[in-house]
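The structure appears right after this line, and notes come after that.
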Amino acid sequence: MVLESLSKALSETIRKILRAPLIDEKTIKEFIRDIQRALLQADVNVNLVLQISQNIEKRLREEKVPQGFSKRELLLKIVYEELVKILGGDISDKVKLPDKKPYVMMLVGIQGSGKTTSAAKLAFYYKKLNYKVALVCADNYRPGAFDQLKQLGEKIGVPVYGERNATSSVQIAVNGVKKFVDEGFDIIIVDTAGRHKEERGLMNEMREIAEKIKPDEIMLIIDATIGQQAYIQAKVFHENTKIGSIFLTKLDGSARGGGALSAVAVTGVPIKFVGVGEKIDEIETFNPKRFVSRILGLGDLESLIEKFELAEYKPTEEDANRFLSGKFTLDDLLTQFKSISKMGPLNKLIQLIPGFSLSLPDEFQELSKVKIKRYSAIIESMTKEEREKPEIIDRSRMRRIAMGSGTSVRDVQELLEQYKNMKRMMKMFKRKTKLFGKLKGFTGV
């Protein structure tokens, strides 16, 4: 996955700067070359890469190092700010929630961009925030479009309106919106047919749908794999029907994700959501600051908290401090395991924590649902004292715990070893975050 490769390349560059004994002219030039190479490999426009490089060099020459900071930290700050700038700048950390009811969203985009799946992801996202959501399939061109959306709607418990033999997609949209408005739904998401920028008839139809249903927001769905072509598509759709926001799909495995991100950003239309996987819950709000923090290895605690909230787990500040200081118990770990299956793979979650994307150990790359279920059963078979003081668990206790959980002694040993490794890793992380905390305060993240 190339965006993961971008993150790895950039975080390796950051590591080199952190390890460099001296930040001299040679070190800076090498650092900038590494940044250029990583961005070009992610398909960011050559001229844009050159502009970023020139801006970094110019600012390093002109800006004075603030008192209490080093040239190393100033360099990281400048790189961070320049990358944020090309991805849309300082926009709100939170997606603006609908300010009226009903709120109608109309999704548009070219064929194959992932509109139908994105419609279901959006419905799931807003439903988890306690909105009463409905879907309308206004695509009477693609065979199976209605059936696909209906199946996804049933999976997430959201009603879907469609008409199998209708000849007018405009009328379907009007009928569907009216039905759900009358039934008191909060958010109505209208999925329209895919259309190319050259298809005048379909572009006219898109404008007519918008005129008839008067959506509160028109969202353009763009496939990240089209790279810098995303700019042309966004521009044409925006000229035909005023686009209010963009949903960038397939960002997780896109070889051209950097190109799509940077190309769309320069249109001036904000990227609101990104799709980071095929599953319904693999949707994230997009924020340039948070995105850059993650690809540089500075983490994204806000996204982590959002995932906890959507999973209906409310960690307190005391919970977080205990976990991050390495003082958490097996009870705390059990709570994490019970939430992880709702929030996604552990490797994705843990990379949201500052510093972890720089040095995530192999054993934490993935915890399967089967293993999480096994580990949870083991912890639940322990006594309260054993959960609080796992060091007292000897061979005899292991046999009792294994028997009670339907697992093996080896499984119990494996869990305890993972627990020790995690505690050790958290202590290392705590030392590392002192530098990251200073840098984040410096950049105003």
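The values are calculated or read from the model by the stated rules, or taken from the named source; none is laboratory data. All values reported here derive from a predicted model rather than from experimental measurement. Note that we place each Cβ from the backbone using ideal geometry, even for glycine, and neighbour counts take in every protein chain shown. For the accessible areas, the whole protein counts, side chains as well, though only heavy atoms, and no ligand, DNA or RNA atoms are used. Shrake-Rupley method; radii C 1.70, N 1.55, O 1.52, S 1.80 Å.
Here are a few things to note about the model shown:
- Only one of ASP223, ASP182 that is at pLDDT 80 or above, closer than 22 Å to THR117 by Cα and of a type in the set (Asp, Glu): ASP223
- When the range 378-410 is filtered for residues that are open to solvent by 30 Å² or more (accessible area, probe 1.4 Å), assigned to a helix (DSSP H, G or I) and under 15 Å from LEU333 (Cβ atoms), the ones remaining, listed by number, are GLU380, LYS384, ARG387, GLU388, GLU391.
- Residue tally, condition open to solvent by 20 Å² or more (accessible area, probe 1.4 Å), polar (S, T, N, Q) and touching a Cys at 6+ places or on another chain (Cβ under 9 Å), over the range 102-158: 1
- If you filter the range 159-178 down to residues that are polar (S, T, N, Q) and surrounded by 16 or more Cβ atoms within 10 Å (Cβ to Cβ), you find that the one that is nearest to PRO143 (Cα to Cα) is SER169.
- Taking the criterion of being over 18 Å from ILE213 (Cβ atoms), at pLDDT 95 or above and not in a helix (DSSP H, G or I), no residue of the range 85-130 qualifies.
- Residue match in the range 280-300 (condition: at pLDDT 80 or above, surrounded by fewer than 17 Cβ atoms within 10 Å (Cβ to Cβ), of a type in the set (A, V, I, L, M) and in contact with a helix residue (DSSP H, G or I) (Cβ under 9 Å, 6 or more places away or on another chain)): yes
- Residue that is at pLDDT 75 or above and open to solvent by less than 30 Å² (accessible area, probe 1.4 Å), where the choices are LEU416, LEU439: LEU416
- Within the range 197-218, if we keep just the residues that are modelled with pLDDT under 90 and assigned to a loop (DSSP other than H, G, I, E, B), the residue that is surrounded by the fewest Cβ atoms within 10 Å (Cβ to Cβ) turns out to be GLU198.
- Considering the range 1-24, the residues that are outside any loop (DSSP other than H, G, I, E, B) and of a type in the set (Asp, Glu) include one that is modelled with the lowest pLDDT, namely GLU4.
- Complete set of residues in the range 9-35 that are surrounded by fewer than 17 Cβ atoms within 10 Å (Cβ to Cβ) and closer than 18 Å to PHE291 by Cα: GLU12
- Single residue of the range 259-276 satisfying the filter (within 18 Å of SER113 (Cα to Cα) and assigned to a loop (DSSP other than H, G, I, E, B)) that is least open to solvent (accessible area, probe 1.4 Å): VAL269
- Residue list for the range 40-84, restricted to those being open to solvent by 40 Å² or more (accessible area, probe 1.4 Å), part of a loop (DSSP other than H, G, I, E, B) and among the β-branched types (Val, Ile, Thr): VAL65
- Pairs where the first residue, in the range 281-295, is among the hydroxyl-bearing types (Ser, Thr, Tyr) and the second is assigned to a helix (DSSP H, G or I) and at pLDDT 85 or above, C-beta under 9 Å, 6+ apart: THR285/TYR125
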